[in-house]
1. Out of region 52-79, which residues are in contact (Cβ under 8 Å) with a residue 24 or more places away in the chain, surrounded by fewer than 16 Cβ atoms within 10 Å (Cβ to Cβ) and closer than 16 Å to ARG166 by Cα?
2. Please identify the pairs in which a residue from region 31-47 that is of a type in the set (Gly, Ala, Ser) has its Cβ atom under 8 Å from the Cβ atom of a residue that is surrounded by 12 or more Cβ atoms within 10 Å (Cβ to Cβ), counting only partners at least 6 apart or on another chain.
3. Only residues in region 107-124 that are closer than 16 Å to GLY69 by Cβ count as the first member; pair them with residues that are part of a helix (DSSP H, G or I), Cβ under 7 angstrom, at least 6 apart or cross-chain, and list the lot.
4. Tell me, please, whether a residue that is crowded, with 20+ Cβ neighbours inside 10 Å and either more than 21 Å from GLY61 (Cα to Cα) or in contact with a strand residue (DSSP E or B) (Cβ under 9 Å, 6 or more places away or on another chain) (or both) can be found in region 143-161.
5. Looking at SER148, SER138 in this structure, which one is modelled with pLDDT under 95 and closer than 27 Å to GLY28 by Cβ?
Amino acid sequence: MKVRAASLDDCRAVADVHVASWQAAYAGILDPAFLGGLSIDRREQSWRQILAEGNSELLVGLEGACTVGFASLGASRDADALPGCGELMALYVHPRSWTTGVGRELWLAARNRLEQQGFSSVTLWVLERNLRAIGFYSAAGFTMDAGSVKDIDVAGTTLREVRMVRAS
């Protein structure tokens, strides 16, 4: 697998991975009708806007010409973040490529970029009911940041996110 910086030309493939991974990872957590209605077109526009804003980096994982995953990273957006704290804003792998090492390679590439930018720690937010992701991040050296939780609304469903942290 190859990991490289994303361009605007990658936004459609990133959106496809994003929708497919949400539909698989959040089945049983989010309303099936909401998941079924996720739009690749809308996600593509969101990723185009995110790239245009330039406040974060987007990496894509490729197997041949096929985008199989992505990671978004940058400075922590948390109000209580200490100096030198980066954030893994998103890491998604197409369900066809789960348990193949794609996620690990994307994490290692993201960690490398964060270290190159001078970040000495990394945080992320994950749904507390997403045990698969929590297991992945724990294996990558992240630990729960005790007391750091927030409730978010996704399509009328209140979900709790927990913050995890890792020294880089």
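The values are calculated or read from the model by the stated rules, or taken from the named source; none is laboratory data. All figures in this text were calculated on a predicted structure; none of them were measured in a lab. Here the Cβ is made from the backbone with ideal geometry for all residues, glycine too, and neighbour counts use every protein chain on show.
1. ASP78
2. GLY36/GLN23; SER39/VAL19; SER46/ALA15
3. Listed pairs, sorted by first residue: LEU124/TYR137.
4. Within region 143-161 (the criterion being crowded, with 20+ Cβ neighbours inside 10 Å and either more than 21 Å from GLY61 (Cα to Cα) or in contact with a strand residue (DSSP E or B) (Cβ under 9 Å, 6 or more places away or on another chain) (or both)), the answer is no, since none of the residues qualifies.
5. Just one listed residue meets the conditions, SER148.
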